[in-house]
Amino acid sequence: MYSMQPSTTNRFSQFPLTRLQCNSSARRHCPPKTHLSELQKGLLDWFAEHKRPLPWRASYTPYEVWISEIMLQQTQMERGVQYFKRWMTRFPDVRSLAAASEDEVLRLWEGLGYYSRARHILAAARHIVQEHKGRFPSDLAAIRALPGVGPYTAGAIASIAFGKKLPCVDANVERVLARILNIDTPVKQEPAASNIRETALKLVPEGKAREHNQAIMELGALVCARIPRCDRCPVSVYCISNYEGLTDKRPVPGKKIAVKPFVVATGVLLHRGRIFVQKRHIGRVWGNLWEFPGGKVNEGENAKTAVVRKFLEETGFAVYTAQEYGIIRHSYTTYKITMHCFGVELKNPPCLTDSLPPPPLLTAACAWQWADPAAIETLPMPAPHRKLAQQIFATSEQQCLN
DNA sequence: TATCCGTGGCC
DNA sequence: TGGCCAAGGAT
């Protein structure tokens, strides 16, 4: 007789296990089978038949596996594939990447978010060229030591590119195992995290790490998704939460983080056909990306007043607002911003008609330039600033502001 | 351990 | 529209 046990210490954590007898008179309520090898085979057979033809699955070169894994962090597959193809056209190998400028790498990454991933990729490529003679390391410790490579990605590269018998636990695996094991506590916290990590390790079959790790992640993406499709699942007979009718309650969600709304004002300073842009400090949001100056609108402050104030604070330029470009709304992580956009001009432009203003006194940036619209196209910018730039170019073409 | 770090698609 | 989320890492 099947009996429920505390999920974090259930018998699945004691692989290998013995099969339980199925009550044929109540097939739909058949208790989960527990043969490890059958679960593994079910995953592998399903993957062989249903895996998606992703670009890096053609040859599984370490470089391609690495780039794909970093790109797919917190990114949807279809989007990741598009960026991956474009990336490989421009940077087909580690050496071409290592030789690139950070601006170009970030520009290629623009729109994917979490820009430290791109900065880390470039740093890692240069490290591989210098310390590993351009050859991607196969040793787990060496892989893990690369910037931007954490526990998941190290296991993924070592197993998928090099076939090493290691687990990789991502959000898909957490979800799949939370359901199979019927874990009733948040998966990212203890004791569930250890249970999942240990189970994932026991699940990896000898000599099949590459296929198995992708199989369980693919299952999480295609079948055991947020809304599970248990009728299509090759391993539903091993799934305790399916048996208990609790698949929609697993995994147990973690703590919700409140979204903080705030209002910012941004100014596009135009002077003789050139636009002032500055490069954001690293370590904060949008690190090393180029932006138009601006910032938070204070409580009770007018956006127009705020943009003038922020320009003086961030650049030392005294400006006035010449145009209103409207509002751009944008959300990121836990923030929701309302960006009031202005065209601004210098209060005291230089007397000589062909000269640029004196250098700015930067307080919120590490670099600056007066860029023409074509140059702005080549600079990596945060999504809302790119939106604003495109909006202005459309306007400037109509009004011949140059 | 908790928080920060982006973005666009989906329902 | 708004909440949720999609192959995590660094601090």
Practice prompt. May I ask for the net charge around A:G207, where only other residues with Cβ less than 14 Å from the Cβ of A:G207 are counted and Lys, Arg are +1 while Asp, Glu are -1?
Written response: +3
Fill in: Choice from A:A318, A:A375, A:A100 showing the highest fluctuation, given a GNM over chain A with Cα pairs closer than 10 Å
A:A375
Worksheet entry | Low-density loop cleavage sites - GluC sites (Glu not before Pro) in region A:106-215, where at most 11 other Cβ are within 10 Å (DSSP) | A:E206
Worksheet item: What ranking, highest mean first, results for peptides A:83-95, A:300-312 when packing means the other Cβ atoms within 10 Å averaged over each residue?
Response: A:300-312, A:83-95
Item to complete: Would you order A:C230, A:C341, A:C224 from fewest to most other beta-carbon atoms within 10 Å of each residue's own beta-carbon?
Response: A:C230, A:C341, A:C224
Item to complete: Could you tell me which of A:S116, A:Y83, A:V176 has its Cα farthest along the dipole of chain A towards the positive end, charges placed at Cβ (Lys, Arg +1; Asp, Glu -1), taken about the Cα centre?
Response: A:V176
Discussion item. Spelling out what I want: for every residue of region A:40-51, take phi, set θ = phi - 60°, compute 6.51 cos²θ - 1.76 cosθ + 1.60 (Karplus), and round to whole Hz; glycine and proline get x.
Written reply: 4, 5, x, 5, 5, 5, 4, 5, 4, 8, 10, 5
Practice prompt. Kindly give Rg over Rh for region A:260-399, based on alpha-carbon atoms, with the Kirkwood expression for the hydrodynamic radius.
Written response: 0.94
Fill in: Net +/- balance of residues flanking A:V105 in space, Cβ distance below 13 Å, scoring K and R +1, D and E -1
+2
Worksheet, complete the sentence: Burial-style ranking of A:322-332, A:265-275, average other-beta-carbon count within 10 Å with highest first, yields A:265-275, A:322-332
Worksheet item: Where does each of A:V252, A:V259, A:V264, A:V344 land when they are ranked from fewest to most other beta-carbon atoms within 10 angstrom?
Response: A:V259, A:V252, A:V264, A:V344
Worksheet item: What Kirkwood hydrodynamic radius do you get for chain A when you take the inverse of the mean 1/r over all pairs of distinct Cα atoms, in Å?
Response: 24.4 Å
Worksheet entry | Relative contact order of chain A, defined on C-alpha pairs under 8 angstrom at six or more residues apart (%) | 15 percent
Item to complete: Kindly work out what percent of the DSSP beta bridges joining two residues of chain A are antiparallel, to the nearest 5.
Response: 70 percent
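Throughout, read-outs are computed from the coordinates displayed, never taken from laboratory work. Keep in mind that this is a model prediction, so the values were computed, not measured. A quick note on method: Cβ atoms are made from the backbone with ideal geometry, for glycine too, and the neighbour counts reach across all protein chains shown.
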